[in-house]
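Inspection log for the structure reproduced underneath, given as structure tokens.
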Amino acid sequence: MANTHESLLDKVVALVPSIEGAAPLAEMMPPLPEPPQADPDMQLVLDALTALGGKPIETLSPAEAREQPTPADAVKRVLQERGQFPATAQVSSKEISLPGGPLGNIPAHVYAPAGEGPFPIILYFHGGGFVLADSKTYEASILALAQGVRAIVVAVDYHLAPEHPFPIQPDEAFAAYQWLRQHAGELNGDHQRIAVAGESAGGNLAVVTSLMARDKDVPLPIHQLLIYPLVNNDTQNASYTDNAHAKPLNAAMMQWFFQHDSQATEADSAYALPDKATSLKALPPTTLITAEIDPLYEEGRAFAERLQQDGVPVSYRHFDGVTHEFFGMADVVAKAREAQVFAIGELRKAFAGNGKIH
């Protein structure tokens, strides 16, 4: 009897494509929308990224993905084609190791503006879905903040997944914050004026650092700068649909990051996904930036609203016509410069409220 059913089913399936006028099932499905139109200067970067010939991240292993060209490489290509060079910053840099992490020392880079100090400090976490990149990949953002705010930026090269699964990244982020509170003076910094900042996965770590400080009764950062932060694992919202095929970040890539990063599987942990926190009360005043061509814009906007509802002062800006990763592209993309000016202004106000900015 089972064989009879299988035979009948096979005949029905075989008949479906032959029905006159019927389209294949794939064609009958509604197509996913194209991503929003990029501004012309943003499109130049996207075209340059395509020209660099990278493979789709979601088809690669983490090791292979780490070798692919980045949006930062695309900006350099645009500048080279124009015969231009990145804007220079009057900022020095050095490598350090921060003790006290769950794996021992935590690599970091310190960027310091010219002058006497002591300077306010920005503890910065790079993006890359917890799987890719390092602080050098995001150096354009870091230099802009160090020079514009006239602050020391300590950029943490936290250990990456999947080799180092959750909770290594948040534990390293918080360990770096605790070390800075105790040793800021060794960097010519002011331990009473520390802000946290990050892009994408780094924005996640910035919020988590604040949450851990609040929960452990450690003095909080005085401000948090969250640039298109990854705070949730809801892949069914409008921005995922709108940007299913976007570049440089799309829905398939986010699924790939979630596959390789155990943060996303810790669905009930606010230290993995901050939007899962029962309360966001008492977190530091926040500057939050989102981009239109980005699967993460909807969760970023909703997170800004949650912060406000829980009594946290929020300065929020959404930028149309630009993509995930746009913030560090000020040498080429006009709205990146606008976003940097906005973020720098908010950080300067936060630091000015807690003492003199040099």
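The values are calculated or read from the model by the stated rules, or taken from the named source; none is laboratory data. Model, not experiment: these values are computed from the prediction. Don't worry about glycine lacking a Cβ; one is built from the backbone with ideal geometry, like all the others, and counts go over all protein chains shown. Only protein heavy atoms, including side chains, enter the accessible area calculation; ligands, DNA and RNA are left aside. Shrake-Rupley method; radii C 1.70, N 1.55, O 1.52, S 1.80 Å.
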### Query
Over the chain, what is the mean sequence separation of C-alpha contacts under 8 Å (at least six apart), divided by residue count, expressed as relative contact order in percent?
19
### Task
Would you work out what percent of the accessible area of the stretch 247-333, with all protein chains in place, is carbon or sulfur (probe 1.4 Å)?
47
#### Entry: Percentage of interatomic Cα-Cα distances in the stretch 300-358 larger than 13 Å
68
### Query
Each residue of the stretch 107-120 in order: what ³J(HN,Hα) in whole Hz does its phi give by Karplus 6.51 cos²θ - 1.76 cosθ + 1.60, θ = phi - 60°, with x for Gly and Pro?
x, 7, 10, 10, 10, 10, x, 5, x, 8, x, x, 9, x
### Acute angle (nearest 10 degrees) that the helix 334-352 long axis makes with the longest principal axis of the chain, alpha-carbon atoms
40
### Query
Given Cα pairs under 8 Å that are at least 6 residues apart, what percent is the relative contact order of the stretch 124-274?
27
### Message
What does DSSP give for the chain in terms of the percent of beta bridges that are antiparallel, rounded to the nearest 5?
### Response
30
### Task
Note the full-extension length gain between Lys136 and His191 as 0.36 nm times their separation in residues minus their Cα-Cα distance, in nm to one decimal.
17.3 nm
### Query
What net charge is computed for the residues neighbouring Lys76, neighbours being all others with C-beta under 13 Å from the C-beta of Lys76, Lys and Arg scored +1, Asp and Glu -1?
-1
#### Entry: Table column - 3J(HN,Hα) (Hz), the stretch 224-233, Karplus curve with 6.51, -1.76, 1.60, x for Gly and Pro
10, 9, 10, 10, 5, x, 8, 10, 9, 10
### Message
Keeping all protein chains in place and using 1.4 angstrom, which order do Glu116, Glu199, Glu163, Glu139 fall into by accessible surface area, from largest down?
### Response
Glu116, Glu163, Glu139, Glu199
### Task
For an R0 of 51 angstrom, estimate the FRET efficiency from the Cβ-Cβ distance between Ala51 and Val218 and round to the nearest 0.05.
0.60
### Message
Relative contact order for the stretch 55-111: what percent, with Cα pairs under 8 Å and sequence separation of 6 or more?
### Response
20
## Note on the structure
SASA check, Met329, accessible area w/ 1.4 Å probe, all protein chains in place, rounded to nearest 10 Å², comes out at 10
### Query
In square angstrom, what is the accessible area per residue of the chain with a 1.4 angstrom probe?
44
### Summary
Between the residues Ala195, Gly185, Ile289, the Cα farthest towards the positive end of the dipole of the chain, that dipole coming from +1 and -1 charges on the beta-carbon of Lys, Arg, Asp and Glu, is from Gly185
### Task
List every residue whose amide H lies under 5 Å from the amide H of Ile106, counting only residues 5 or more places away in sequence or on a different chain, with H placed 1.01 Å from N in the peptide plane.
Leu98, Gly101
### Query
What does the charge count near Gln147 come to, summing +1 for each Lys or Arg and -1 for each Asp or Glu among other residues with Cβ under 15 Å from its Cβ?
+1
